[in-house]
Each structure stands twice: as structure tokens, then as C-alpha cells.
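Okay, structure first, notes after.
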Amino acid sequence: MTAPDLSLPQRRRWRGSRARNASAPGPLVILSLVWLAVIVFVAIFADLLAPYSHTEQSLLSRLMPPAFAGGDPAYLLGTDNLGRDVLSRLLHGTRMSVIIALAGSLIGASVGTLIGILAAHFRGWVEETIMTLVDLQAAMPFLIIVLAILAFFGNSIELFILIIGLHGWETYARITRGLVLQANSQSYAFAIRTLGVPPVRIYLRHILPNILSVLIVQVTLNFPDLILLETSLSFLGLGIQPPQTSLGLALGEGRSYLATAWWIGVPAGVVIFLTTLSISLAGDWLRDRLDPTLKRADH
């Protein structure tokens, strides 16, 4: 008795079911997406959610513990050394860190993608010059670049966002250059060029949409690095300055009180940890869904 052979429709249904199961988010990814949704909600509505102004000081209420640790119920997460509400500063700090990381991601992705396209289009000495700059950027410690820029131009939120945006542009440039060179060698790109279509239109209408999924994946991989970079620079006093706040600044302000008032810095550290972990998990899942090389490997 011979084993029954699967028909073509049955094999296709089995492959489609396997692909759907592979792309379905697991429990950790779902929790990560829920947490990221909460972070986005907080970033948008921080002013409405904060019970107090994040800059309001009350020296009579300084260093009060959280409500769940025997403190005043009016201050759910307690107060800091200046009597400012920790919850309000945590909400506003989360918004500031998300805005900085998001703006930095957009700047880095835009600049790197444009430079990568220029390198792939012009080739020759233009490509060599651009790739030399990319290698220099990758080899130079970024902290030295930050210190040099701040020494010449001072410190402001706008400049700080621009500095964050400079981190990682070389990665986008490398990826974009390779993808554009590969796309230009395809028959569809050659056919479009023979029709006399302007290069700008070719890149915007035909090549960029084909490489966009890979760039989106790179954004998700780079976003946690930018949050940690903002945290590190603000922790060192090189980023956001008081009376404004961010997650990194809140962490830095609480380091002197870890033994006596742990609630000043620990909540910010927890938010940083959960946010970067969630973005990494969601980014890996998104890469599995969008990366064409992984899709081909599954088939």
C-alpha cells in the first residue's frame, strides 16, 4: 500500500499555514508591542497624564517615598530631592526621550539613505570619498564627536537632537549603497533608464520602495541604541539640561540617592530597560516578516 501523495493545493495550504504561524507574534512580542503602545500613549498625552508640573518644586515635600512604600498617596512614585513629583517627571522624561530618539532616527535614516544613493549613483571618486567618510565615522568614538560639537556650539535641545541623528547614519549609507547597486543591476531598472526617466524619479518611484522594508528594519534596530545614547549623554550631563528632564537625566539625578531615595532614579531605569528590550523584540519580529533574505530562506 503506497502513501498518499499530497496534491499541489494541499501543499500550498500547508506552506501558507506554516508561513502564517512563523510570522504570528509570540507572547513576548505581543507584550512588547503593548508596552510600546503605552510608551507612545504616554509620549503623546504626558501633559494630561502628569498630576503635577514636572518643574514644580516643593521643598516641604522633598524625598517623600512612593505611596506604596508608606508615602503620601498624592505622590504615587514619591518626590525627588527638590520636592518634584517623580511620576510627573517620569512621564515628561519618557516623552522627551522618545521625541529625541524618534527625531534622531529620522535624521540618521534620511541623511544616510541620501548619501548611500549618491554614492551608488555617481560611483568613482564620489563613491570613494563618501565611503571614506563612512569609515571615519564608524572608526571614531562618537563621544569625541559629541564633545567637539558641544564645545564649539554650546548645548540646546535642537543641537542635541541633531547630534543624536548623526549617530548611525553611516550604517544606513552602507546598506543603501549596497541595495541601490543591486537594484540598479536589475532588468527593470535598466528598462526604466532606457526610457529616459530622470534619475530622481527612478530612485523615488521605483528603487526606494523596493529597499524601504530593509531600511525600516534598520530603524527598529537602531532605535534602542539612540535611546541608550540619549540616556548615556544626559546621565553624563551632556544632554538634556534642567529644568527639563529625560529618562537619562532622571537616572543621573537619582544616582546620588540610590541608598536613601531609590525611587528617584529606579523608575527611569526600569522604563529604559523595558523600552529598549521591547523595541529589540519587536524589531526582530519585524525583521523576520520584512527581510526578503529571511523570507527566501523559509521557502
**Prompt:** Does residue 113 satisfy the criteria of being among the polar types (S, T, N, Q), farther than 18 Å from residue 245 by Cβ and crowded, with 23+ Cβ neighbours inside 10 Å?
**Reply:** yes
**Item:** Residue satisfying all of: in the stretch 180-190; in a helix (DSSP H, G or I) and modelled with pLDDT under 85; surrounded by the most Cβ atoms within 10 Å (Cβ to Cβ) among these
**Value:** 189
**Request:** Among the residues of the stretch 51-64, count how many are touching a strand residue (DSSP E or B) at 6+ places or on another chain (Cβ under 9 Å) and of a type outside the set (Lys, Arg).
**Result:** 9
**Asked** Any residue at all in the stretch 215-225 that is part of a helix (DSSP H, G or I), buried (at least 19 other Cβ atoms within 10 Å of the Cβ) and in contact with a Pro (Cβ under 6 Å, 6 or more places away or on another chain)?
**Response** no
**Request:** Answer with yes or no whether residue 210 is surrounded by 12 or more Cβ atoms within 10 Å (Cβ to Cβ), in contact (Cβ under 8 Å) with a residue 12 or more places away in the chain, not in a helix (DSSP H, G or I) and not hydrophobic (A, V, I, L, M, F, W, C).
**Result:** no
**Request:** Look through 174, 205, 255 and report the one residue that is among the charged types (D, E, K, R), surrounded by fewer than 22 Cβ atoms within 10 Å (Cβ to Cβ) and at pLDDT 90 or above.
**Result:** 174
**Message:** So in the stretch 245-292, with the set limited to residues that are under 22 Å from the mean Cα position of the chain (by Cα), assigned to a helix (DSSP H, G or I) and of a type in the set (S, T, N, Q), which one is nearest to residue 66 (Cα to Cα)?
**Reply:** 275
**Asked** Taking interchain pairs and intrachain pairs at least six residues apart, which have beta carbon atoms under 6 angstrom, with the first residue in the stretch 97-122 and more than 20 Å from residue 224 (Cβ to Cβ) and the second aliphatic (A, V, I, L, M)?
**Response** 115/130; 115/173; 116/173; 117/180; 119/130; 120/180; 120/181
**Selection from the stretch 135-179 of residues that are part of a helix (DSSP H, G or I), under 15 Å from residue 102 (Cα atoms) and in contact with a Leu (Cβ under 7 Å, 6 or more places away or on another chain)** = 164
**Message:** Against the condition assigned to a helix (DSSP H, G or I) and modelled with pLDDT of 85 or more, how does residue 242 come out, does it pass?
**Reply:** no
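The values are calculated or read from the model by the stated rules, or taken from the named source; none is laboratory data. Computed from a prediction, not measured in an experiment: that's the story for all the values here. We place every Cβ from the backbone using ideal geometry, glycine too, and count neighbours over all the protein chains shown.
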